1. Just name the residue that is surrounded by the fewest Cβ atoms within 10 Å (Cβ to Cβ) out of those in segment 41-61 that are within 18 Å of SER74 (Cβ to Cβ) and among the small types (Gly, Ala, Ser).
2. Go through segment 82-103 and count every residue that is farther than 30 Å from ARG5 by Cα and of a type in the set (Val, Ile, Thr).
3. Look at segment 1-21 and say how many of its residues are part of a helix (DSSP H, G or I) and touching a residue at least 24 places away in the same chain (Cβ under 8 Å).
4. For ARG32, indicate whether it is open to solvent by 40 Å² or more (accessible area, probe 1.4 Å) and out of contact with any helix residue (DSSP H, G or I) (no Cβ under 8 Å at 6 or more places or on another chain).
5. Could you check ARG58 against (1) touching a Leu at 6+ places or on another chain (Cβ under 7 Å); (2) assigned to a loop (DSSP other than H, G, I, E, B) and say which number it fails?
Amino acid sequence: MIRERALKVTLVVVGLLFTAGIYPATSIVWNRDRASYGDAMMLSLYVTLGILLLIAVRNPSAHRSLIAFAAWSSFAHAIVMTVMAFRDPSEHELLLGVAVLVVIGATLIALAPTKVSVTAS
């Protein structure tokens, strides 16, 4: 019960965090900041994922694949950001984002609902 409650709280926090990306994404497009269009496109994916995570709060077991995708995509994004941070010294501030994404991924994996086995009667 405590694990399920922790997962639901995590889904809400991560879902809201990702959904908050709507503000910078909209600002980039609204202000026609062409240099950041790639960031806006990526943020739109995170906003979508955030909304889906918020929907998953009601029944996390039914959304195991979505939770796993959120976790593993966070790890993948963290790896890319790590490479970028070490290749370009001016990008070292990305390491904070790397830490956040690793914590999100690890927390989602650790709290992910267990697979329910269906037994035939």
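The values are calculated or read from the model by the stated rules, or taken from the named source; none is laboratory data. Since the model is a prediction, treat every value here as computed from it, not as a measurement. FYI the Cβ positions are ideal-geometry reconstructions off the backbone, even for glycines, and counts take in every protein chain you see. Just the protein is used for accessible areas: all its heavy atoms, side chains included, with ligands, DNA and RNA removed. Shrake-Rupley method; radii C 1.70, N 1.55, O 1.52, S 1.80 Å.
1. Top of the filtered list is SER44.
2. To start, the set of residues in segment 82-103 that are farther than 30 Å from ARG5 by Cα comprises 82-94.
If we keep only those that are of a type in the set (Val, Ile, Thr) as well, we get 82-83.
Of the residues in segment 82-103, 2 are farther than 30 Å from ARG5 by Cα and of a type in the set (Val, Ile, Thr).
3. Initial filter on segment 1-21 (part of a helix (DSSP H, G or I)): 2-19.
From what's left, touching a residue at least 24 places away in the same chain (Cβ under 8 Å): 3-4, 6-8, 10-12, 14-19.
Number satisfying all stated conditions: 14.
4. Working: open to solvent by 40 Å² or more (accessible area, probe 1.4 Å): yes; out of contact with any helix residue (DSSP H, G or I) (no Cβ under 8 Å at 6 or more places or on another chain): yes.
The answer is yes for ARG32.
5. (1)
Condition check ((1) open to solvent by less than 60 Å² (accessible area, probe 1.4 Å); (2) over 30 Å from MET1 (Cβ atoms); (3) in a helix (DSSP H, G or I); (4) in contact (Cβ under 8 Å) with a residue 40 or more places away in the chain) across all residues:
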residue	(1), (2), (3), (4)
TYR23	no, yes, yes, no
ILE28	yes, yes, yes, no
ASP39	no, yes, yes, no
VAL80	no, yes, yes, no
GLY105	yes, no, yes, no
